[in-house]
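This report concerns only the one structure given below.
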């Protein structure tokens, strides 16, 4: 009896250690991933295989169905907590960047969260958690990061607003290219995730990776907000104009927090 009790105690100790190991993996996943990233998938698969077989070998005949259910619930709770924690980290980083822009430019922007997104071949819109009651008006620019234009307010309600993103085919904004002559034009959304600036005279120098910013020629949009970089320059030998295909720096699919810039905040 003594030997059996001792063996059972060791098995329970192993179970506890296994779950502590699992918890530590969840907790320090980010640090571990950076260290072993090249082989993380293989290591994860191997660890799962070992864990499952050791767990069942050690606990076979020693754990009741009720106890097993509790262990599974604890495992699921750890996974849910970890996922929520990582989401909070992402939102925290985005908010810090937005507040940094506000402090740097002394602009009284309004921080908001994205509630819903609509993305199709021609449409790119999203709904945010601020509206007329917060001082938001149609045409206000919406930015992410340290000053990257994501879109403009298309319509407002009392507590929410709909934003048209840069890549929406119905969107266009006045821009300036960072070339020698500071070429100005209109950047329009296209089918896909790119923008285009048309009717640029062929004698204007353009090249890939050239920066594109807002020109300030629109009443509601300040100058200097980052729009994107030139991806491709299209020329037509029969036309006196060329087209710049621009890759936006902001992507609404990855954004969760934004900053609205009411016109009065930068006048």
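Would you tally the residues in region 185-208 being in a loop (DSSP other than H, G, I, E, B) and at negative phi?
Result for region 185-208: 11.
Is it true that some residue in region 209-219 is part of a loop (DSSP other than H, G, I, E, B), in contact with a helix residue (DSSP H, G or I) (Cβ under 9 Å, 6 or more places away or on another chain) and over 20 Å from residue 123 (Cβ atoms)? Step through it out loud before you land on a result.
Step one: filter region 209-219 for residues part of a loop (DSSP other than H, G, I, E, B), giving 209-210, 215-219.
Those left that are additionally in contact with a helix residue (DSSP H, G or I) (Cβ under 9 Å, 6 or more places away or on another chain): 219.
So of that shortlist, the ones also over 20 Å from residue 123 (Cβ atoms) come out as 219.
Checking region 209-219: at least one residue is part of a loop (DSSP other than H, G, I, E, B), in contact with a helix residue (DSSP H, G or I) (Cβ under 9 Å, 6 or more places away or on another chain) and over 20 Å from residue 123 (Cβ atoms).
Just the residues that are assigned to a loop (DSSP other than H, G, I, E, B) and touching a residue at least 60 places away in the same chain (Cβ under 8 Å), please, taken from region 116-145.
First, the residues of region 116-145 that are assigned to a loop (DSSP other than H, G, I, E, B): 120-123, 129-131, 135-140, 145.
Across region 116-145, the qualifying residues are 121, 122, 130, 135, 136, 137, 139, 140, 145.
Against the condition without any contact (Cβ under 8 Å) to a residue 60 or more places away in the chain, part of a strand (DSSP E or B), touching a strand residue (DSSP E or B) at 6+ places or on another chain (Cβ under 6 Å) and surrounded by 13 or more Cβ atoms within 10 Å (Cβ to Cβ), how does residue 258 come out, does it pass? Spell out how you get there, then give the answer.
Working: without any contact (Cβ under 8 Å) to a residue 60 or more places away in the chain: no; part of a strand (DSSP E or B): yes; touching a strand residue (DSSP E or B) at 6+ places or on another chain (Cβ under 6 Å): yes; surrounded by 13 or more Cβ atoms within 10 Å (Cβ to Cβ): yes.
Considered against the rule, which asks whether it is without any contact (Cβ under 8 Å) to a residue 60 or more places away in the chain, part of a strand (DSSP E or B), touching a strand residue (DSSP E or B) at 6+ places or on another chain (Cβ under 6 Å) and surrounded by 13 or more Cβ atoms within 10 Å (Cβ to Cβ), residue 258 comes out as no.
Coordinate-derived values only; no laboratory data. For clarity, every value in this text was computed on a predicted model and none was experimentally measured. Every residue, glycine among them, receives a Cβ derived from its backbone with ideal geometry; neighbour counts consider all protein chains shown.
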